[in-house]
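Here it is, the structure, as structure tokens.
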Amino acid sequence: MERFDEFRSFLGFNESDAANLRALRPVASPLVPRIVSKFYEVVLGHSGSAGVFSGGAEQMNRLRVVFTQWLNELFNGVYDEHYFSSRIRIGHTHVRIGLPQHYMPLAIEVVGQHFRNELSSMADEFVRKGLTSLQKLLLLDLTIMLHSYKEAYSQEIRDLERRAMGGELERARHLAEIGELAASLAHEIKNPLAGISGAIQVIGESLPESNPCRQVVPEILAQINRLDDTVKDLLSYARPAPPNMHPVNVGGLVIRIFALLQQEPALSGFPMQYLGAEKDINADERLLEQLFMNLILNAAQASTTASPIDVELVENGRFVEIAVRDRGSGMSPEVQRKAIEPFFTTKAKGTGLGLAICRRIAEAHGGSISIESEPGLGTTVIVQLRVDLPELCVESAQ
């Protein structure tokens, strides 16, 4: 009711206007059926009405009844909380049936014109005053119903956000459970793997050079190492270590990673270059090394040996942005949307945790990670990191 009073005050609608409309009722009410018919002739003749009024004769009959009731209520002379609530409900109904908001001012204007056309020929003073008050009331009705549109749309947005948040919370809970299970399994697997690896090495060394089984030993050890890497990924994602912050030169770190990777036979032919300054930021060097090692390896796996891999640093206020760019096969929009999600991978081997771990590392440094990609043109992963991470952010990462 407070909102209704505000609207009435703003439009200058008062008890005198209510009295004018009561006086107009005897001559206005008989005109309502004809005005309803004329109104729907105008509305249904509009090209945009087909998509809104698609329920056939039954829908139109219901609408005519409601519209007739609305017009008669204009002249009741009682404009109280019940009147306000009925207009709010009309607005909500319009939202539910999909009536575009811009129809409302047009409808109000058409109604006002029809009443003026029917009554303006009368010279009576009470008719002139009544028409002036009717114009105020129609504007008041329009204001109320537009307000109801805003309320209805706001509620729809809140409902959508609540459902989306509920889905995200449920997904986060499932991921947390998976992470805890993965961490427990990883701990159970890690020590036996180390024992198996040591035993296989001893067995291999004890076999004569001529024994054909000796050639199998390196492959067994390689598979054990792959399992060990998977276990490390699971542990790193499920139970990340708190960052140990100190000044780190990003450019120097990336150049060092290039040198390490190019010692690998599979990567020795890749042209890699660092662009930008050797910027110092407050960070955990071990975690940043893991982050950039993952991203550069991903770039190499997506590229051919002739395609350069660029790492470019750009300063952006309190942040630095480091872009890791390849010119490989790129990603489809669907893969790009899911790429950072944990356990998602398009590779035949891998846990699907690499980019998820990179995102956690970036977030632990007050930053973020994003992907830009186009099929056939390559992929750019952009890491944003705080230059001087506040203590509060460091504590929250722990």
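The values are calculated or read from the model by the stated rules, or taken from the named source; none is laboratory data. Note that the structure is a prediction, hence the values are computed from the model and not measured. To get the accessible areas, we keep the full protein, side chains included, count just its heavy atoms, and leave off ligands, DNA and RNA. Shrake-Rupley method; radii C 1.70, N 1.55, O 1.52, S 1.80 Å.
For segment 209-298, which whole percent of the accessible surface, found with a 1.4 angstrom probe, sits on carbon and sulfur atoms?
55 percent
Order Lys232, Lys338, most accessible first, counting only protein heavy atoms with a 1.4 angstrom probe.
Ranked from most to least accessible, the order is Lys232, Lys338.
Order the following by accessible area, largest value first: Ser210, Ser329. Probe radius 1.4 Å; ligands, DNA and RNA are ignored.
Largest to smallest exposure gives the sequence Ser210, Ser329.
Before I look further, what does segment 253-393 give for accessible area per residue, probe 1.4 Å, in whole square angstrom?
In whole numbers, segment 253-393 has 48 Å² accessible per residue.
Using a 1.4 angstrom probe on the protein heavy atoms only, line up Arg87, Arg286, Arg325 by accessible area, largest first. If you can, show how the numbers build up before the last one.
Numbers: Arg87 0, Arg286 130, Arg325 65 Å².
These residues rank, largest area first, as Arg286, Arg325, Arg87.
Carbon-plus-sulfur fraction of the accessible area of segment 1-45, 1.4 Å probe, in percent?
53 percent
Taking the full set of protein chains and a 1.4 angstrom probe, give the accessible area of Asp388 in square angstrom, rounded to the nearest 10.
Roll a 1.4 Å probe over it and Asp388 shows about 100 Å².
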